[in-house]
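Everything below concerns the one structure shown next.
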Amino acid sequence: MGIVDNAVYVDGERHAEPESLDVTYDLMRLRGGMGWIGLYRPDAAEISSIAAEFGLHELALEDTVSAHQRPKIERYGDVLFTVLRPARYLEDDERVEFGEVHVFTGPDFVVTVRHAESPDLARVRRRMEQSPELLRLGPEAVLYAILDQVVDEYAPVVAGLQNDIDEIEDEVFGGDPDVSRRIYSLFREVIEFQRATQPLVGMVEALQGGFDKYGVHDELQRRLRDVTDHAVRVTERADAFRVLLQNILTVNATLVGQRQNEETQRLTETSLAQNDVVKRISAWAAILFAPTLVGGIYGMNFDHMPELHWVWGYPLALALMVATSAAIWAVFKRKGWL
């Protein structure tokens, strides 16, 4: 069953815990109390029963069944439909997990529908039950408490994101080759966090705009203003994280480009050094080729060769070897190959 907690409250006190929704409806009418029904991924029958009893609008029901809604607050007659995107930071995985909770508040009822593990609505219920004077203010007080819990649970997320950014900064300047992937992954989380938190300020301001019209109690007005202050701080931190990550991306790209330039320069210097070595080897090979050529020609042992029996043939051959080698050496020396 999708029912997590189901209770009827009379004058701020938990009066009954009905075993079914039908009994809850009967007790609400009999005792004139407030019903608070907590659902977790309810089935179609439960949603239909609640919709029929409390007259929930079909558009709001479609959003509740399909989930994956943006944070918003909408009024359908005397029923207020609120969608929140809570979040929690998973230390082991170093990532942010986003949830979704829908809240229906009417004149005498509150229905919460969770589609994820967060927020901890059981904690909200315990806190409200420990403050009967606040719970006595009705469904608006419960909505305030849920908003406050969602915003409070953003604090560990902000701390976790800040820690991840600090680690990324160390990795960027440490030359970690995998840091780019982590930056982009964290950037996506920050953007998703912004989408979850930015609408909150406008939502709470919209509630504040209806204080006079709906006669909201002064205590709730003060508490909602406090929620607004916390929401503003969270959204400002989220905006700062996005700007900081954009700067880190720029710095990382600059450092990567610098390292690539240094590597290219090193390869170029190595290539030039290798070219110098090849030039020297080629030059000496050419120098040694001249005497080898002369010696090869005069060492073929044919009977009929010019200057074969000439007295000055041998000295001339040696002189030719030396002169040719010297001339080639001078040419390469002038060109800087030696």
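The values are calculated or read from the model by the stated rules, or taken from the named source; none is laboratory data. In this text, all values refer to a predicted model and were calculated from it rather than measured experimentally. FYI the Cβ positions are ideal-geometry reconstructions off the backbone, even for glycines, and counts take in every protein chain you see. Remember, those area values only see protein heavy atoms, side chains included, never the ligands or the DNA or RNA. Shrake-Rupley method; radii C 1.70, N 1.55, O 1.52, S 1.80 Å.
With the condition being crowded, with 16+ Cβ neighbours inside 10 Å and under 28 Å from the mean Cα position of the chain (by Cα), I'd like the helices (runs of 4 or more DSSP H) fully within region 121-191 carrying at least 2 qualifying residues.
The qualifying helices (runs of 4 or more DSSP H) are 139-174.
Can you tell me which of (1) of a type outside the set (D, E, K, R); (2) in contact (Cβ under 8 Å) with a residue 40 or more places away in the chain; (3) closer than 26 Å to A155 by Cα; (4) open to solvent by less than 10 Å² (accessible area, probe 1.4 Å) is the one I73 doesn't meet?
For I73, the failing item is (4).
Which residues, taken from region 57-101, are assigned to a loop (DSSP other than H, G, I, E, B) and over 21 Å from Q194 (Cβ atoms)?
The answer is H57, G77, D78, E91, D92.
Report, by residue number, each residue of region 40-55 that is out of contact with any Leu (no Cβ under 6 Å at 6 or more places or on another chain) and either assigned to a helix (DSSP H, G or I) or under 14 Å from F109 (Cα atoms) (or both).
If the condition is that a residue be out of contact with any Leu (no Cβ under 6 Å at 6 or more places or on another chain) and either assigned to a helix (DSSP H, G or I) or under 14 Å from F109 (Cα atoms) (or both), then A44, A45, E46, I47, S48, I50, A52, E53, F54, G55 are the ones that fit.
Among the numbered criteria (1) among the polar types (S, T, N, Q); (2) surrounded by fewer than 22 Cβ atoms within 10 Å (Cβ to Cβ); (3) touching a residue at least 40 places away in the same chain (Cβ under 8 Å), which single criterion is violated by S49?
That leaves (3) as the condition not met.
Of the residues L293, L288, only one is in a helix (DSSP H, G or I), open to solvent by 90 Å² or more (accessible area, probe 1.4 Å) and at pLDDT below 75; which?
The match here is L288.
Spot the failing condition for V10; the list is (1) of a type outside the set (K, R); (2) out of contact with any Lys or Arg (no Cβ under 9 Å at 6 or more places or on another chain); (3) open to solvent by 30 Å² or more (accessible area, probe 1.4 Å), and only one is missed.
(2)
If I ask for residues that are outside any loop (DSSP other than H, G, I, E, B) and surrounded by fewer than 17 Cβ atoms within 10 Å (Cβ to Cβ), which ones from region 22-39 would you list?
If the condition is that a residue be outside any loop (DSSP other than H, G, I, E, B) and surrounded by fewer than 17 Cβ atoms within 10 Å (Cβ to Cβ), then D22, V23, D26, R29, L30, R31 are the ones that fit.
Can you list residue pairs whose Cβ atoms sit under 8 Å apart, with the first residue in region 253-271 being within 26 Å of I168 (Cα to Cα) and assigned to a helix (DSSP H, G or I) and the second being of a type outside the set (G, A, S) and open to solvent by less than 90 Å² (accessible area, probe 1.4 Å)? Count only pairs 6 or more apart in sequence or on different chains.
L255/V172
Which condition breaks for V216 when tested against (1) under 30 Å from T254 (Cα atoms); (2) at pLDDT below 90?
It is condition (1) that V216 fails.
Residues in region 245-256: is at least one at pLDDT 75 or above, closer than 20 Å to E153 by Cα and touching a helix residue (DSSP H, G or I) at 6+ places or on another chain (Cβ under 7 Å)?
Scanning region 245-256 turns up no residue that is at pLDDT 75 or above, closer than 20 Å to E153 by Cα and touching a helix residue (DSSP H, G or I) at 6+ places or on another chain (Cβ under 7 Å).
Being touching a helix residue (DSSP H, G or I) at 6+ places or on another chain (Cβ under 9 Å), more than 20 Å from H230 (Cα to Cα) and surrounded by fewer than 17 Cβ atoms within 10 Å (Cβ to Cβ) is the filter here, so list the residues in region 199-217 that pass it.
Y214, H217
For Q194, are the conditions met, namely being under 22 Å from P86 (Cα atoms), open to solvent by less than 80 Å² (accessible area, probe 1.4 Å) and within 13 Å of the chain's Cα centre (by Cα)?
Considered against the rule, which asks whether it is under 22 Å from P86 (Cα atoms), open to solvent by less than 80 Å² (accessible area, probe 1.4 Å) and within 13 Å of the chain's Cα centre (by Cα), Q194 comes out as yes.
Residues E58, E94, E53, E129: which one is at pLDDT 90 or above and acidic (D, E)? Write out each step before concluding.
Working: E58 fails: at pLDDT 90 or above; E94 fails: at pLDDT 90 or above; E53 fails: at pLDDT 90 or above.
Criteria check complete, one pass: E129.
Taking A67 as the residue in question, decide whether it is closer than 30 Å to A159 by Cβ, open to solvent by less than 40 Å² (accessible area, probe 1.4 Å) and modelled with pLDDT under 90.
Yes; evaluated as a whole, the condition is true for this residue.
Can we say T235 is modelled with pLDDT of 75 or more and surrounded by 12 or more Cβ atoms within 10 Å (Cβ to Cβ)?
Yes, satisfied.
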